[in-house]
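So the structure is just underneath, and the comments pick up after that.
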Amino acid sequence: MIVALKRIGEPDRVVQLIETYFSNVERILFELSRHVDNPKVSFCKLASLAREIEDKSTSIGAEQMKLACSDVIKACNEKHQENFSRSMSWLKIEFSKTKNKLEAFVQMERRIIRLEISQSPASTSQSPN
């Protein structure tokens, strides 16, 4: 799904999108994690934050993240602290797995970009003497 976003003229667009995804999800996960043991938590706010991650994950095709977010949202809707804590653990694990996979993709994409640049006519042409 994410590869479809690659455009000629913007070879690093996919890499930028993935890096933005990492940054945004890490920020939201940090905010969610602050409330795991808070008995006076606003479950409505937490569900909203989980929906943000769910939307961002859906946009790049991270299906397991989407499923884990649904579990967090369900726990928030039920206002169940223990289930929230458990689902947050799952969400963090899924993010770690997703991030590892996408980091490998980013490395490969950067290699491809470097190769394409090195093989482009502009980089292989010699200047006249």
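All conditions in (1) open to solvent by 60 Å² or more (accessible area, probe 1.4 Å); (2) among the aliphatic types (A, V, I, L, M); (3) touching a Cys at 6+ places or on another chain (Cβ under 8 Å) hold for residue 47, with the sole exception of (1). Tell me yes or no: at least one residue of the range 111-127 is crowded, with 16+ Cβ neighbours inside 10 Å and not β-branched (Val, Ile, Thr). No, there is no match, as no residue in the range 111-127 is crowded, with 16+ Cβ neighbours inside 10 Å and not β-branched (Val, Ile, Thr).
From (1) within 15 Å of residue 81 (Cα to Cα); (2) at pLDDT below 85, pick out the condition that doesn't hold for residue 43. Going through (1) within 15 Å of residue 81 (Cα to Cα); (2) at pLDDT below 85 one by one, residue 43 breaks only (2). Just one of (1) at pLDDT 95 or above; (2) in a loop (DSSP other than H, G, I, E, B) fails for residue 69. It is (2).
Being buried (at least 20 other Cβ atoms within 10 Å of the Cβ), free of Cβ contacts under 8 Å to residues at least 24 places away in the same chain and over 30 Å from residue 111 (Cα atoms): is that true of residue 69 here? Taking the combined requirement at face value, the residue satisfies it. Within the range 55-66, the set of residues being more than 13 Å from residue 22 (Cα to Cα), part of a helix (DSSP H, G or I) and touching a helix residue (DSSP H, G or I) at 6+ places or on another chain (Cβ under 7 Å) comprises 58, 64, 66.
The rows are residues; the columns are (1) assigned to a helix (DSSP H, G or I); (2) under 30 Å from residue 13 (Cα atoms); (3) more than 12 Å from the chain's Cα centre (by Cα).
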| site | (1), (2), (3) |
| --- | --- |
| 36 | no, no, yes |
| 41 | no, no, yes |
| 79 | no, no, yes |
| 94 | yes, yes, no |
| 110 | yes, yes, yes |
| 113 | yes, yes, yes |
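Using the structure shown, decide if residue 55 is within 20 Å of residue 96 (Cα to Cα), surrounded by fewer than 13 Cβ atoms within 10 Å (Cβ to Cβ), among the charged types (D, E, K, R) and out of contact with any Asp or Glu (no Cβ under 7 Å at 6 or more places or on another chain).
Yes: the conditions hold for residue 55.
If residue 33 passes every condition in (1) open to solvent by less than 80 Å² (accessible area, probe 1.4 Å); (2) closer than 22 Å to residue 106 by Cβ but one, which one does it miss? Among (1) open to solvent by less than 80 Å² (accessible area, probe 1.4 Å); (2) closer than 22 Å to residue 106 by Cβ, the lone unmet condition for residue 33 is (2).
The values are calculated or read from the model by the stated rules, or taken from the named source; none is laboratory data. Model, not experiment: these values are computed from the prediction. All Cβ positions, even for glycine, are placed from backbone atoms using ideal geometry, and neighbour counts span all protein chains on display. Note: areas computed on protein heavy atoms with side chains; ligands, DNA, RNA excluded. Shrake-Rupley method; radii C 1.70, N 1.55, O 1.52, S 1.80 Å.
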